[in-house]
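Heads up, the thing below is written out as structure tokens.
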Amino acid sequence: MSLSLDACAVASLRAQAAAAGITVDALVALAIELRAVEALLERLDAVPAYGTLPTGQSDRPTALPPTGPLRSWVESLDRQAGPQVAAHDNLPQLLLPERLEPRLREIGIDAVISTIEDDYMPLAMQWDAAAACEGQTLTEWLLCCSLSAGERR
């Protein structure tokens, strides 16, 4: 997917990815999923239960992720590979899972960049690792956690 990004947006995405120690593509994908969950919960008249979610590796399920690629993903989130990994990108091209591309078009890159700058992004990396350990996407995992918490507006 190709984006129209100005130099400031490109620099911001690269800086945020380097700080997180993951690729720009992965960072954008996590932000899209967070925004998508928030929008869906809003339509369901529920609120994200972020305060009740695990906040560290010790809170994560002890089972290994069900596939090799998911295990590799969790390991990369745990070790936060660092700026050298984050530096490799193809901006303004993004490589995203197909299921997220329509969401990005719907949400818009400015909202995604805003989400990336949010305090929840470091936690989103931990939550995504927990989701992978259960064989779920971040979206599925966050929805299950939020809805099971039963918080309503």
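The values are calculated or read from the model by the stated rules, or taken from the named source; none is laboratory data. This is a predicted model, so every value here is computed, not measured. Every residue, glycine as well, gets a Cβ built from its backbone with ideal geometry; the counts of neighbours run over all protein chains shown.
Of all the criteria given as (1) of a type in the set (A, V, I, L, M); (2) within 23 Å of Ala19 (Cα to Cα); (3) modelled with pLDDT of 80 or more, the one not satisfied by Ala86 is (3). Apart from one condition, Ala11 fits all of (1) of a type outside the set (Lys, Arg); (2) surrounded by fewer than 18 Cβ atoms within 10 Å (Cβ to Cβ); (3) part of a helix (DSSP H, G or I); (4) modelled with pLDDT under 85; the exception is (4). For Leu53, the criteria (1) buried (at least 17 other Cβ atoms within 10 Å of the Cβ); (2) modelled with pLDDT under 80; (3) closer than 16 Å to Asp118 by Cα; (4) not hydroxyl-bearing (Ser, Thr, Tyr) hold in every case but one, which is (3).
Residue-by-condition table, conditions (1) in contact with a helix residue (DSSP H, G or I) (Cβ under 7 Å, 6 or more places away or on another chain); (2) part of a helix (DSSP H, G or I); (3) touching a residue at least 60 places away in the same chain (Cβ under 8 Å); (4) over 20 Å from Ser72 (Cα atoms):
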site: Thr115; (1), (2), (3), (4): yes, yes, yes, yes
site: Asp119; (1), (2), (3), (4): no, no, no, yes
site: Met125; (1), (2), (3), (4): yes, yes, yes, no
site: Asp128; (1), (2), (3), (4): yes, yes, yes, no
site: Ala132; (1), (2), (3), (4): yes, yes, yes, no
site: Trp141; (1), (2), (3), (4): yes, yes, no, no
site: Cys144; (1), (2), (3), (4): no, yes, no, yes
site: Leu147; (1), (2), (3), (4): no, yes, yes, yes
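Go through the residues of the range 14-26 one by one and say whether even a single one is touching a strand residue (DSSP E or B) at 6+ places or on another chain (Cβ under 9 Å), closer than 20 Å to Glu101 by Cβ and either surrounded by fewer than 19 Cβ atoms within 10 Å (Cβ to Cβ) or among the hydroxyl-bearing types (Ser, Thr, Tyr) (or both). Reasoning before the result, please.
Going through the range 14-26, the residues touching a strand residue (DSSP E or B) at 6+ places or on another chain (Cβ under 9 Å) turn out to be 24-25.
Then keep just the ones that are closer than 20 Å to Glu101 by Cβ; that gives 24-25.
Checking the rest, the ones that are also either surrounded by fewer than 19 Cβ atoms within 10 Å (Cβ to Cβ) or among the hydroxyl-bearing types (Ser, Thr, Tyr) (or both) come to none.
Within the range 14-26, not a single residue is touching a strand residue (DSSP E or B) at 6+ places or on another chain (Cβ under 9 Å), closer than 20 Å to Glu101 by Cβ and either surrounded by fewer than 19 Cβ atoms within 10 Å (Cβ to Cβ) or among the hydroxyl-bearing types (Ser, Thr, Tyr) (or both).
Residues Leu44, Leu70, Leu100: which one is modelled with pLDDT under 85 and buried (at least 18 other Cβ atoms within 10 Å of the Cβ)? Residue meeting the stated conditions: Leu70.
Scan the range 103-113 for residues that are of a type in the set (Lys, Arg) and either out of contact with any helix residue (DSSP H, G or I) (no Cβ under 8 Å at 6 or more places or on another chain) or surrounded by 21 or more Cβ atoms within 10 Å (Cβ to Cβ) (or both) and report the count.
Selection size over the range 103-113: 1.
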